[in-house]
Amino acid sequence: MRTDFEDLLIAQDGGVLTITMNRPEVLNAFNDTMIHELGEVLEGASEDEGVRCVVITGAGRAFGAGQDLRSFAAAHATGEPIKVSQHIGNYHRVVRAIRTMPKPVIAAVQGVAAGASCNLALACDLRIAADNARFIEAFARIGLVPDAGGGFFLPRLVGMGKALELSMLADEVSGPEAERIGLVNKCVPLAEFEAATMALARRLAKGPTRAYGLIKELMNQAVQSDLETTLRIEGELQDIAIETADHREGVAAFLQKRPSEFSGR
Ligand code: LHQ
């Protein structure tokens, strides 16, 4: 997997791959290069058996400020018609890569997460926030609708009423408030943020990776399906899970009264 990116920093520690969005001078706002690189590295991580958990975070004092409005305004100013739905297809590639990745993806958010960056965090499986986090569905501030999957993930995480409030008023949500309303799984003091993120990521990277992938598939299907369909899919996925080495190891460890050592297979 390529690691020499222009606007991303990539680090691997055991099974944990950390992707750091790295345009701190603009609070990691997305230019075309960064969004393309993110799509590429996520698709690579999906295929790479050595990666068992992915962390997405931001360099400097922010997670991300959404679309780089300067580069977008510059493109607008050329007079060439902009097919924005085509442009947001680049974000959709990233959202799909996260949702179909057969392993856990964590968003680690410190500082501001605005617009498409906020929704990128919502597309991840788990979110950990520092207590200085600021989540902003900033789209309505510039007369836009939430993109990068926000219309799908936000109401499912916080309910319709809160999703409409956050999207229409576009007010900031702090880290502690984000934890209270279910926008993030956990909020920790900034001083503990990196250690807490890595502890979570390392724990997941030692887990039953195949089962995690199947759990994602089950939940992804279930939020869009009825009970009967979900019960059918649950059976199909359990047929796969029961054949994994990690299932056998988990049962053996239980019977032998020792901790499990999952291989991810
Ligand atoms: C930025 C940005 C930025 C460029 C901070 N761009 N420079 C939209 C359009 C089209 C198609 C596809 O989809 C999308 C999706 C979206 O993401 S829409 C939402 C776009 N993002 C925003 O509207 C957020 C704009 N930024 C802000 O409102 C503020 O910067 C926030 C609230 C994020 C942070 O505020 P502060 O902490 O006060 O920081 P700051 O405003 O001083 O920003 C620091 C620098 O970063 C500053 O540059 P400078 O040269 O003055 O130091 C900003 O211009 C730059 N920056 N966001 N999105």
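The values are calculated or read from the model by the stated rules, or taken from the named source; none is laboratory data. Just so we're clear, the structure is a prediction, and the values are computed from it rather than from any experiment. For neighbour counting, all protein chains shown are included, and Cβ atoms are generated from backbone atoms with ideal geometry for every residue, glycine included. What goes into the accessible areas is simple: the full protein's heavy atoms, side chains included, and nothing from ligands, DNA or RNA. Shrake-Rupley method; radii C 1.70, N 1.55, O 1.52, S 1.80 Å.
Remarks
- Residues in segment 42-56 carry Karplus couplings, in order, of 5, 5, x, 5, 4, 7, 7, 5, x, 9, 10, 7, 10, 10, 10 Hz; the curve used is 6.51 cos²θ - 1.76 cosθ + 1.60 with θ = phi - 60°, and Gly or Pro positions show x.
- Highest-fluctuation residue, G213, G15, G159 considered, GNM on the chain with Cα pairs under 10 Å: G159
- Rounded to 10°, Cα long-axis angle of helix 245-255 versus longest principal axis of the chain: 60
- For the pair S71 and S174, label points projected 7 Å from Cα toward Cβ lie 3.3 nm apart.
- ³J(HN,Hα), Karplus 6.51/-1.76/1.60, whole Hz, each residue of segment 126-135, x for Gly, Pro: 10, 10, 10, 10, 7, 6, 9, 5, 9, 8
- T3 contributes an accessible area of around 80 Å² to the protein surface, as traced by a 1.4 Å probe with all chains present.
- Percent of Cα-Cα distances greater than 25 Å, calculated over the chain: 47
- Sum of -39500 (n - 2.57) over DSSP H runs of 4+, divided by residues of the chain (222 nm, nearest 500): -15500 deg cm²/dmol
- Under 13 Å, Cβ to Cβ, from G66 - net charge with Lys/Arg +1 and Asp/Glu -1: +1
- Sequence of V84, V41, V158 from largest to smallest accessible area, 1.4 Å probe: V84, V158, V41
- √(5λ) per eigenvalue of the Cα gyration tensor, segment 125-237, largest first, Å: 27, 23, 10
- When only alpha carbons are used to place a centre, segment 166-193 and segment 78-154 end up 15 Å from one another.
- Taking GluC sites (Glu not before Pro) in DSSP loop states with no more than 16 other Cβ atoms inside 10 Å as exposed sites, the chain has its longest site-free stretch at 50-242.
- Gaussian network model of the chain, Cα within-10 Å springs - most flexible of A245, A114, A123: A245
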